[in-house]
Every structure is written in C-alpha cells, then in structure tokens.
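Report on the structure given below.
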Amino acid sequence: MKLDNEYLIRELTDIKTHILKFLKNPIDEIKSLPDWPWPKIILFLTVFSSVCGLLSGIVEKNKFAVISGFLLNPIIAISLVGVSTLFFGIYFKIFTNQVLPWRKLFTLIVFSNLPNFIFSIAANYVSPIILIGLGFTSLLLIKGFIENFHLDRKLVIKVI
C-alpha cells in the first residue's frame, strides 16, 4: 500500500465527514457505523483522545497535565476500548450465543465513547459533568448494540 497525498487527503476527508455527521446527530449515526479498517479506527481513536487530553490539560492550565494528557490519554483510551470490546464480545457470546464481529464492536465502543472524551475536557472545573458524558456513552452503547447487532433490548440495558 502506497501512502501518497491523495490517499491521505481522501482518508482524512472521510474521517472528517463521518465525525461531523456523528457529532451533529450521534443517536441516528450510531446506527450506521463506518466500516473502517483496524489501522484507521485505531489512528482515529489515538488522535481524538490525544486532542481531548491536550485540551483538558490546557483547560486545567497545567503544563504537566497538557503533556501527560496528550501522551497518556491515547494509551488509556485504547486500553479502555480494548477491554470493553473483549468484555462485551465474550459476554454476548456466553449469554446470547451470538458472535459479534470484533472490528464492528470495537468501532461501536469507540464512537460511543466520544461524548465521554469530549465531556472529560471540562471535568476539571465541573466534576459531575463526567457523569453526563458517561450517560451519553451508555445511551449510545444501548442504541448501537440494539441497532447494529439486533440484540435484546432488556438484556442490553441490564448489561450497560
């Protein structure tokens, strides 16, 4: 695979287009997740979480928080999404005997966590705001599991 400027511009435009659509109406957009390859979704998660960590440090007005947020947020985000993907994949395999595609599950969890990342920027000033982010994340996970994987609503709500 050759990396050239046209390919890079096409990929970045695709990401930008999908993210803007998602941020405008996340509840509807969680129904139709993009079918991105592993490197693209991991790169997106890394960049998005780095930017949120950087902004969180800037809001906190602490140089150490800026650097650590920029460097540590992606590690934490990838770990969080990876463990969550593993948990939900195994849980639904055991309790519904349904194998969920790993990449689609990972993508769902990444997009569901975007509100949490965004709300975490202001969490240094208004601590309870992180609960709003978690609430939006839960809502998106419920909607995403039901719409994308056709799972039982009651079971999904209990798990989330």
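Put the Cα centre of the stretch 104-160 next to the Cα centre of the stretch 81-103 and the gap is 16 Å. Within the accessible area of the chain, the carbon and sulfur atoms contribute 68%, probe 1.4 Å, all protein chains present. Computed over the chain, relative contact order equals 21 percent, with contacts defined as Cα pairs under 8 Å that lie 6+ residues apart. Around the Cα centre of the chain, unit charges on the Cβ atoms of Lys, Arg, Asp and Glu (plus for the first two, minus for the last two) sum to a dipole of about 260 debye. Evaluated at q = 0.13, 0.16, 0.18 Å⁻¹, the base-10 log of the normalised Debye intensity for the chain, with identical point scatterers placed on the Cα atoms, takes the values -0.66, -0.96, -1.17.
When the Cα positions of T137, N73, F44 are compared along the charge dipole of the chain, T137 comes out farthest toward the positive end, with charges on each C-beta of Lys, Arg, Asp and Glu. Remark: the stretch 98-108, residue by residue, has Karplus-estimated 3J(HN,Hα) of 10, 8, 8, x, 4, 5, 5, 5, 4, 4, 4 Hz, where x stands for each Gly or Pro and the curve is 6.51 cos²θ - 1.76 cosθ + 1.60 at θ = phi - 60°.
Taking all protein chains into account, the per residue accessible area for the stretch 1-119 stands at 60 Å² (1.4 Å probe).
The values are calculated or read from the model by the stated rules, or taken from the named source; none is laboratory data. Note that the coordinates shown come from a computational prediction; the quantities given were computed from them, not determined experimentally. FYI the Cβ positions are ideal-geometry reconstructions off the backbone, even for glycines, and counts take in every protein chain you see. In case anyone asks, the SASA skips ligands and DNA or RNA and just uses the protein heavy atoms, side chains included. Shrake-Rupley method; radii C 1.70, N 1.55, O 1.52, S 1.80 Å.
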